[in-house]
Each structure stands twice: as C-alpha cells, then as structure tokens.
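A.B. asks: Have a look at this one before I ask anything.
What follows draws every value from the coordinates through simple rules; no lab data is involved. Remember, it's a predicted structure, so these values are computed and weren't measured experimentally. Every residue, glycine among them, receives a Cβ derived from its backbone with ideal geometry; neighbour counts consider all protein chains shown.
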C-alpha cells in the first residue's frame, strides 16, 4: 500500500536540535577554520537532506491511482498537503543555498570571522525551519492518518458488495472467501471495511463490503463517507447489490430498491456493472433480481460469484492496466 511505508516526519524543534547538536560534535573534532566549515556542512546537510526526504518519500499525487487519491482526500486535504510538501521542498533548497553562500564567505575568512559567519548561517537556517513548522506538522499528521488505509490494490480486480445492513453482505463475503477475509476500521467508516480474497483462473479477486459507505442513501452519509464512496467508483470492476425480500433485515424492499437504483446510477458513469442479488431466497423471492441465493442454505451462492467474475471480465492472459 502506497502510504504504509511513509517515514515519521520530524518536528521543526527535533530537526534543529538534531542538526545543531551533531554540528557541535563535528566541530569539536577539528579546530580553527576547519571546525567552522565542518559545523556548517554537517548542520546544513542534516537539515536539507531530512527535509528533502520528507517530500521524496511521498507518492506523486499527480500520478497516483484515482482510488487512492480520492481516499486520501477524504481523510486529509490533498491540496493543502501538496502545498505543505512544496514549502518543505523550498526550505530544503533554501538551506542548501545558504550553505553554499557561507562556504564561499568562510574561504576568505579567519577563524573568528568564520565563526560569526557560521552563527549567521545557523540563525538563517533556523528561521527557515521554523517558518515551515506548521507544514511539517501537517505532513506528519497526514502521514499518521493515511498509513493505515486499507490494503486494497487497484491493480487487482475488485468486486464491491453493496446494500442495506443485515441483508447478508458480510455473510456472503465470509462464505466466498472462507478464512481469507479481514475486517478493519478506517477513518471514513465507524463500522469497518471487510476485505476478502478468492482466486479464479490464476487471478486474485478482492471482494469488499463497505459499511457506512454504500449501505444507506447518500444524503445520510457524512462528507468523508461520501468521498470514500466516490473513491470506490474508481476501484470497482463489478458491484453486487444485495437485497432481502423477506423483510428480516428491517428495511422495506422498495427502500432497498431505491438505494439499488442510486448505486447503479453512480457506477453507471464508469460503466461498472451492477448485479442485483436477492438473498434469503429460502424465505422470499419477491424481488426483481438478476440472481437469487440463500447464504443459509448455500443455494445460488456459487452462481452469484460466477456472475460477478464474469462481469469483471479480467483474463489471466491480459495484464491489468491499473497501476498501484
């Protein structure tokens, strides 16, 4: 997952303490002009390199998969994050420029004057780092928020399971993935995303149940949930919309079908097939559906899964076009 390996972002105070304390140690190992030059080189390199690393470890949001972009933007403001990363890049370059400026001055100085130059350089470097203190905080907070995003892979086919609560979505995911599923909670949903995997014809499929995102009308979702649901549009290769005609789920069938129509309209913009599945068919089949199944009796489950795989239409001989 692209955000999982992001390193911890240093705070401005931590970075300055690290740079200047190491510079002091390097200066003690030398004397005169050489000591001042060594201190300047050490401090500036630590500051400039660490700031550059903060930026280079982040993915390029201009080329990142739209699924991850929108998912990230649902949790942090990507535009603000990119601006902060730009400010950190500026600071890294400014510090490198200050180093070059004062190295040139020191070459023409005696030790006492070189010490004054080095102190001036340190003061200017500290001002620059303090100027981006808020940006470092923002980058660090974004890293902490994004590092635990779900391990959903845009380069693997994905089947999204939608429908109201208690219609059997989680039971279906459990049934078709056996013990290979995982349930985790993420900032955009309080109930937890369930992710399972199964294989067909040498292809690994992801099957995803997303409580809080596609289990109620859009007007009932908060802003984060709406944007996370939007991210799923970029990910899904097929949608299984599960309804319960028996009434046992607690939601009238007409209300369920209204949500189905809304989900179908959302995914139609990207030509993602939406398959309507009536679960609990051992109790009732009074719903217009593409397939009927009963998780309880195991009837029709494999047919539904086969239909989802056929709708996805991925071939083991054709490499996926989506990239991580």
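A.B. asks: Would you mind classifying region 158-312 by shape? Square roots of the alpha carbon gyration tensor eigenvalues, ordered a ≥ b ≥ c; an a/c under 1.5 is rounded, otherwise it is prolate if a/b is larger than b/c and oblate if not.
C.D. replies: Details: a/c = 1.36, a/b = 1.07, b/c = 1.28.
Cα axes put region 158-312 in the rounded bin.
A.B. asks: Which residue, 129, 160, 255, tops the fluctuation ranking in a GNM of the chain built on C-alpha contacts under 10 Å?
C.D. replies: The residue with the greatest mean-square fluctuation here is 255.
A.B. asks: Taking a temperature of 25 °C and a viscosity of 0.890 mPa s, what whole-number D in µm²/s does Stokes-Einstein yield for the chain with Rh from Kirkwood over alpha carbon pairs?
C.D. replies: On the way: Rh = 23.0 Å.
Approximately 107 µm²/s, per Stokes-Einstein.
A.B. asks: Quick one: of the DSSP bridges fully inside the chain, what percent are antiparallel, nearest 5? All intermediate terms of the calculation are to be shown ahead of the outcome.
C.D. replies: Numbers: 12 of 28 bridges.
Roughly 45 percent of the beta bridges in the chain run antiparallel, per DSSP.
A.B. asks: Residue 306 to residue 190: FRET efficiency via 1/(1 + (r/R0)^6), r the Cβ-Cβ distance, R0 35 Å, to the nearest 0.05? Write down the numbers at each step before the final one.
C.D. replies: On the way: r = 33 Å, r/R0 = 0.95.
E(calc), rounded to 0.05, equals 0.60.
A.B. asks: Continuing with this model, one more query. Does region 50-108 come out rounded, prolate or oblate by the C-alpha gyration tensor, with a ≥ b ≥ c the root eigenvalues, rounded set by a/c under 1.5 and, if not, prolate when a/b is larger than b/c and oblate if not? Walk me through the numbers before you get to the answer.
C.D. replies: Working: a/c = 5.06, a/b = 3.62, b/c = 1.40.
Taking the square roots of the gyration eigenvalues as a ≥ b ≥ c, region 50-108 is prolate.
A.B. asks: Quick one: work out the % antiparallel among DSSP beta bridges in region 158-312, nearest 5.
C.D. replies: Details: 12 of 28 bridges.
So the antiparallel bridges in region 158-312 amount to around 45 percent.
A.B. asks: For the chain, modelled as a Gaussian network with Cα springs under 10 Å, which listed residue fluctuates most, 114, 74, 229?
C.D. replies: 114
A.B. asks: In nm, what is the difference between 0.36 nm times the number of residues separating residue 78 and residue 248 and their Cα-Cα distance? It would help to have the intermediate numbers written out before the result.
C.D. replies: Details: separation 170, 0.36 × 170 = 61.20 nm, distance 4.19 nm.
Working it through step by step, the gained length comes to 57.0 nm.
A.B. asks: Order by neighbour count: 58, 314, fewest other Cβ atoms within 10 Å first, most last.
C.D. replies: Working: 58 21, 314 16.
Placing the least packed residue first, the sequence is 314, 58.
A.B. asks: How much length would be gained if the chain were fully extended between residue 258 and residue 134, taking 0.36 nm per residue of separation minus their Cα-Cα distance, in nm to one decimal?
C.D. replies: Going from the current span to full extension adds 40.1 nm.
A.B. asks: Go ahead and estimate [θ] at 222 nm for the chain from helices alone: -39,500 (n - 2.57) per DSSP H run with n ≥ 4, summed, over the residue count, rounded to 500.
C.D. replies: Working: 10 runs with 166 residues, N = 324.
That comes out to -17000 deg cm²/dmol.
A.B. asks: To continue, here is another question. When only Cα pairs under 8 Å and 6 or more residues apart are kept, what is the percent relative contact order across the chain? Mind showing how you got there, number by number?
C.D. replies: Numbers: 518 pairs, mean separation 58.3, N = 324.
Relative contact order for the chain comes out at 18 percent.
A.B. asks: Would you please classify the overall shape of region 1-131 from the alpha carbon gyration tensor, given that a ≥ b ≥ c denote the square roots of the eigenvalues, rounded means a/c under 1.5, and beyond that prolate means a/b larger than b/c while oblate covers the rest?
C.D. replies: Numbers: a/c = 3.35, a/b = 2.74, b/c = 1.22.
Note, shape of region 1-131 comes out prolate.
A.B. asks: So, R0 is 45 Å and r is the distance between the beta-carbons of residue 265 and residue 45; what FRET efficiency does that work out to, to 0.05? Provide the component values of the computation, followed by the final result.
C.D. replies: On the way: r = 56 Å, r/R0 = 1.24.
E between residue 265 and residue 45, to the nearest 0.05, is 0.20.
A.B. asks: How large is log10 I(q)/I(0) at q = 0.11, 0.23 Å⁻¹ when the Debye formula is applied to the Cα atoms of region 110-220, each weighted equally and without solvent?
C.D. replies: So the normalised log intensities are -0.54, -1.23.
A.B. asks: Where the centroid of each part is defined by its Cα atoms, how far is region 197-217 from region 63-140 in Å?
C.D. replies: One Cα centre to the other: 42 Å.
A.B. asks: In whole Å and largest first, what semi-axes does the C-alpha gyration tensor of region 66-151 yield when each eigenvalue is scaled by 5 and square-rooted? Don't skip to the end; give the middle numbers.
C.D. replies: Working: eigenvalues 307, 23, 16 Å².
That gives 39, 11, 9 Å for the three semi-axes.
A.B. asks: Going 7 Å from the Cα of residue 286 toward and past its Cβ, which residues in region 225-245 have a backbone nitrogen under 11 Å from where you end up?
C.D. replies: Flagged as within label range: 245.
A.B. asks: In whole Å, what is the distance between the alpha-carbon centres of region 221-269 and region 1-26?
C.D. replies: 45 Å
A.B. asks: Another question about this same structure. Roughly speaking, what is the stretch gain from residue 148 to residue 219, that is 0.36 nm per residue apart minus the C-alpha to C-alpha distance, in nm to one decimal? Can you show the working numbers first?
C.D. replies: Values: separation 71, 0.36 × 71 = 25.56 nm, distance 2.70 nm.
Between residue 148 and residue 219, full extension yields 22.9 nm more.
A.B. asks: Give me 44, 86 sorted ascending by neighbouring Cβ count inside 10 Å, so fewest comes first.
C.D. replies: Working: 44 23, 86 12.
By the 10 Å Cβ count, ascending, the order reads 86, 44.
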